[in-house]
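Take a look at the structure set out below.
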Amino acid sequence: MSVGWLEVVVATLFLSVVVSLVLARGRHWLEPGFWKVAAVITSSVMVITLILLSVDTVRKVSMGSKRVPQPSVINREIGYVYNPDRRAMEPVFGKEVGLFGKVWSEEEAERLIVRGKLVIQSRNCMDCHTLLGNGAYYAPDLTKAWLDPKWERQIMPATGAKSKEEAMKVFLMHPDKYPTWFRRMPNLKLSEEEAEAVIAYLKWMSAIDTNGFPANFPEVKVSQTQ
Amino acid sequence: MLAETIYKLMLYGFLMVLFAGAYAILYAMGRFSRLPSLIRLSYIFALLQFIAGMGMVFNDYLDLLWKGIIFFSTVAYLFIPQAMWRVVVSLHRRHDH
Amino acid sequence: MEKLYESQKLALWYFWTAIVLFGAQLLFGLIAAYQFINPDFLYGTLNFMTNRMLHINAMVVWLLMGFIGGIYWFLPIETDREVVGIKLGKLAYFAFVGAVAIVVLVYLFKQFGSGDFFTLWFITEGREYIEAPRWADIGIVAVALTVAYNVIATTIASKKITGILGVLIVDLAALFGLYIAGMFFTPNISVDQFWWWWVVHLWVEATWEVLVGVLMGWLLMHLLGTPRKIIEAWLYVEVMLVFGTGILGLGHHYYWIGTPEYWLGIGGFFSSLEPLPLVAMVVHAVYDAGVHKLQTVNRPALFWAFAQAFGNLFGAGVWGFMHTLPQINLYSHGTQMAAAHGHLAFFGAYVSANLALFYYILGKTRVKEGYILNGVPWKIAYIGLIVGIFGMTAALTVAGFTQTMIERATLGSTWEAYIQAQMHPWMEEAFKWRLFFGVVFILSYLVLLYDLITAGKRVEQLKEAQLAG
């Protein structure tokens, strides 16, 4: 179902005003009773609209939808390119390359994603970082962290790791040993398995269609080799 | 340059509502104290508010629909203080014992 | 002075606890602000993430406690009887305070746990503003249900329901019910944040606004003698405007979290209209100020009430509008711009309201009939807190502009872009000024605390009432 947003806006405002005026007939506009009707009707129209839109939205962001991929996307190359028709950047998916040297089944990938989210919540990542732009502003946004150039440019050489995900793992387990500037990430005692889960999560998260946030990001095409 | 465009949009948006607020406060003070000079001062802020709004409307970064929404707001702000004043006075006249 | 209802004594407990937690909020805010300047301070011992969590959780809890205190103060007056189930209400207070104490101690000393459900149930849930572990969530719901029971049962026992009580009951049902929307785990971050915003936005941009409308309505009615019909009409207008723009204005949090594009239009449209009612409402505030010539038996309560009207307009309206359009928000989302807006909006809309209420209650309990609550310290605190919050907000606005223009619009929103923007001279200066004004704010809080403790107790503050009619 394609919902035209302008139609929704116009309809809710129109309904609120018209139904209120009809139901408040006979009440003087300077009496509380008049505005009581307006308040009840307006709130009801807006709440009902919100509920209907929420049902539609939750369906459209469930895992495996067009906007939010299923967990096994972690096996594929993920990119981020500008789409001139949408006037926004969007994720693109490439060939199967696996993660941490293996191809994960749908169930294994889902377990990794669940664990990754539990680790992220257990370590309060959101109280320093932002995820999808929400959180605290003491550390960088993590929406496209998986695609960030710094892993290859700085962290891989610094850690001596042979792949991006290995570099990420070493970093996450000992961030205090690899400062990138004078504000350091504290050591949150991640186990190796927890670190892998977080990395899988970051990779999965970078594949969500966020309507182009963050904008201006350096394009990552999926035919690009590392 | 993108940074400059975004910065200008934010600044005009900020000034538009700020001046609209100043207009409303000064207008209400002027009407209450029956000071025509204060009311005239408030109209200056009304004009400034309108100009700031136009700054957003004439920015090519927004498309026509959004220009329309901003234009509607900036015109509405011109009349809100007067309309509200009349509502508030009528309300109190009717209900004050 | 009249004898207090038991409910009003409970209100006082809630307010004193709230003020103490306000101090805790400021202490952790100060440490966090200092860590922006000197990141090695308490690194590894008390990290930024813990300070920030304590800062925002203390804020949410103290503001809520103040509102609950306001409800307990006015409820027996509105219903003309003692509150039904007040003993249960008092028990709930102790449970609330106990739960908060345990949660804070765990935050401070355990700080985080391993990636499993035990951590989410007993240490932290790690979701901004609602980090409280699941066991505490259940405790909060229990306390909330007790407050709701007290309100509803007392209303029923009084055999009539005023317009104000009607709005309060519906609003409380929504407010407390919404909290439950955050009490679940999902691996899907888009779904997580979708429902999370139902709690956070529909709290502070909808149900909390209406709750403050109810409490301020009662305050103005009893402090200024504003006729009930005007308060009621105004309250209904406010509900219409706040819910009318705020419920679908929720969409301004759904631009970038994976949700469909229609939210860009719906959210952007409604939230760009949100300042219009605020500009309108400030006209009424000026009228009220003028009518009473700023004279009243309780000057600090009146002045904080006006701070609420104007603060709401500037913090929420001006600063909110500046970054609400999706075309702009794409670049400013997740920057210090949000922090600038948030600090001023919360102070303007909610801190001011709570302080107005607390001063009003202190006036009723400490000042004899015919005397005025006034003095010097409250004025110093008033000016200091307002200067402090505007200073912090201005500094964070500069930081927000810098981040938006440099990190996002110019350098490409990468990790390195983030660092470059943070190291920019404007940014570094902004954080220093924010800290400076934060210190101004916290010193003013100490003056406020002194005044709250001593208000009305010093004879020289009391003057003969000279009110004309």
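The values are calculated or read from the model by the stated rules, or taken from the named source; none is laboratory data. As the structure is a computational prediction, the values presented were derived from the model and not from experiment. Positions of Cβ are generated from backbone atoms using ideal geometry, with glycine treated the same way; all protein chains shown enter the neighbour counts.
Brief remarks follow.
For (1) more than 22 Å from C:T124 (Cβ to Cβ); (2) assigned to a helix (DSSP H, G or I); (3) more than 14 Å from every other protein chain (Cβ to nearest Cβ), each residue gets a yes or a no:
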| residue | (1), (2), (3) |
| --- | --- |
| C:L10 | yes, yes, yes |
| C:D40 | yes, no, no |
| C:G69 | yes, yes, yes |
| C:V83 | yes, no, yes |
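- Flag if A:A109 is surrounded by 14 or more Cβ atoms within 10 Å (Cβ to Cβ), touching a Pro at 6+ places or on another chain (Cβ under 6 Å) and either assigned to a helix (DSSP H, G or I) or not polar (S, T, N, Q) (or both): yes
- Any hit, segment C:179-198, residues being aromatic (F, W, Y), farther than 30 Å from A:V68 by Cβ and either in contact with a Phe, Trp or Tyr (Cβ under 9 Å, 6 or more places away or on another chain) or within 11 Å of chain A (Cβ to nearest Cβ) (or both): no
- As a summary of the residue check, A:V222 satisfies the conditions (1) away from every other protein chain (no Cβ under 13 Å); (2) outside any loop (DSSP other than H, G, I, E, B); (3) under 23 Å from the mean Cα position of the chain (by Cα) except for the one numbered (2).
- Given (1) part of a loop (DSSP other than H, G, I, E, B); (2) assigned by TED's automatic domain parsing to the domain that holds A:K144; (3) surrounded by fewer than 19 Cβ atoms within 10 Å (Cβ to Cβ); (4) at negative phi, number of the condition A:K189 does not satisfy: (4)
- For segment B:61-97, residues that are of a type in the set (A, V, I, L, M) and either in contact (Cβ under 8 Å) with a residue 60 or more places away in the chain or within 7 Å of chain C (Cβ to nearest Cβ) (or both) total 7.
- Residue that is farthest from B:M84 (Cα to Cα), among those in segment C:276-323 that are more than 9 Å from every other protein chain (Cβ to nearest Cβ) and β-branched (V, I, T): C:V297
- Taken over segment A:135-155, residues that are in contact with a helix residue (DSSP H, G or I) (Cβ under 7 Å, 6 or more places away or on another chain), under 14 Å from A:P91 (Cα atoms) and either touching a residue at least 12 places away in the same chain (Cβ under 8 Å) or small (G, A, S) (or both) amount to 3.
- Residue tally, condition under 23 Å from A:S163 (Cβ atoms) and of a type in the set (G, A, S), over segment A:101-152: 5
- The number of residues in segment C:185-225 that are at pLDDT 95 or above and not in a helix (DSSP H, G or I) comes to 4.
- Which numbered condition A:K95 misses (of (1) more than 10 Å from chain C (Cβ to nearest Cβ); (2) more than 26 Å from C:F118 (Cβ to Cβ); (3) under 20 Å from the mean Cα position of the chain (by Cα)): (3)
- Selection within segment B:30-40: residues that are at the interface with another protein chain (Cβ under 10 Å from one of its Cβ atoms) and in contact (Cβ under 8 Å) with a residue 12 or more places away in the chain. The member of this set that is nearest to B:A52 (Cα to Cα) is B:G30.
- Residues located in segment C:254-268, provided they are in a helix (DSSP H, G or I) and either facing chain A (nearest Cβ under 8 Å) or without any contact (Cβ under 8 Å) to a residue 40 or more places away in the chain (or both): C:Y262, C:W263, C:L264, C:G265, C:I266
- Take the conditions (1) under 23 Å from C:Q193 (Cα atoms); (2) among the β-branched types (V, I, T); (3) touching a helix residue (DSSP H, G or I) at 6+ places or on another chain (Cβ under 8 Å); A:V19 misses just one of them, which is (1).
- Residues considered: B:G21, B:G53. Of these, the only one that is under 11 Å from the mean Cα position of the chain (by Cα), at the interface with chain C (Cβ under 8 Å from one of its Cβ atoms) and buried (at least 17 other Cβ atoms within 10 Å of the Cβ) is B:G21.
- Residue in segment A:149-164 that is under 25 Å from the mean Cα position of the chain (by Cα) and more than 12 Å from chain C (Cβ to nearest Cβ) present: yes
- Against the criterion of being over 19 Å from C:G265 (Cβ atoms) and modelled with pLDDT of 95 or more, A:V18 qualifies.
- Listed by first and then second residue, the pairs linking a residue in segment C:285-309 that is over 19 Å from C:I230 (Cα atoms) to a residue that is among the charged types (D, E, K, R), with Cβ atoms under 9 Å apart and 6 or more places separating them unless they lie on different chains, are C:V297/C:E369; C:N298/C:K364; C:R299/C:K379; C:P300/C:K379; C:P300/C:D451; C:F303/C:K379.
- For the residues C:W304, C:W263, the requirement of being assigned by TED's automatic domain parsing to the domain that holds C:T365 and either buried (at least 21 other Cβ atoms within 10 Å of the Cβ) or at pLDDT 95 or above (or both) singles out C:W304.
- Verdict on C:G438 being surrounded by fewer than 22 Cβ atoms within 10 Å (Cβ to Cβ) and not in a loop (DSSP other than H, G, I, E, B): no
- Selection count, segment A:198-212, where residues are more than 7 Å from chain C (Cβ to nearest Cβ) and not in a loop (DSSP other than H, G, I, E, B): 7
- Residue among C:V106, C:V143, C:V151, C:V97 that alone is in a helix (DSSP H, G or I), closer than 30 Å to C:V191 by Cα and in contact (Cβ under 8 Å) with a residue 40 or more places away in the chain: C:V143
- Residues of segment A:126-141 satisfying the condition of being closer than 25 Å to C:F118 by Cα and either within 12 Å of the chain's Cα centre (by Cα) or facing chain C (nearest Cβ under 7 Å) (or both): A:M126, A:D127, A:C128, A:T130, A:L131, A:N134, A:G135, A:A136
- Residue within segment C:446-454 that is buried (at least 18 other Cβ atoms within 10 Å of the Cβ) and either in the same structural domain as C:I68 (by TED's automatic domain parsing) or closer than 27 Å to C:V210 by Cα (or both) present: yes
- Figure legend. Inter-residue proximity from segment C:19-40: first residues in contact (Cβ under 8 Å) with a residue 40 or more places away in the chain, second residues of a type in the set (S, T, Y), beta-carbon distance below 6 Å, spacing 6+ or different chains. Indicated pairs: C:L26/C:Y445.
- For A:A200, the criteria (1) in the same structural domain as A:Y82 (by TED's automatic domain parsing); (2) touching a Lys or Arg at 6+ places or on another chain (Cβ under 7 Å) hold in every case but one, which is (2).
- A:E107 in the same structural domain as A:A145 (by TED's automatic domain parsing) and either without any contact (Cβ under 8 Å) to a residue 40 or more places away in the chain or at positive phi (or both): yes
- Residues of segment C:416-435 satisfying the condition of being at the interface with another protein chain (Cβ under 8 Å from one of its Cβ atoms) and either crowded, with 23+ Cβ neighbours inside 10 Å or in contact (Cβ under 8 Å) with a residue 24 or more places away in the chain (or both): C:Y418, C:Q422
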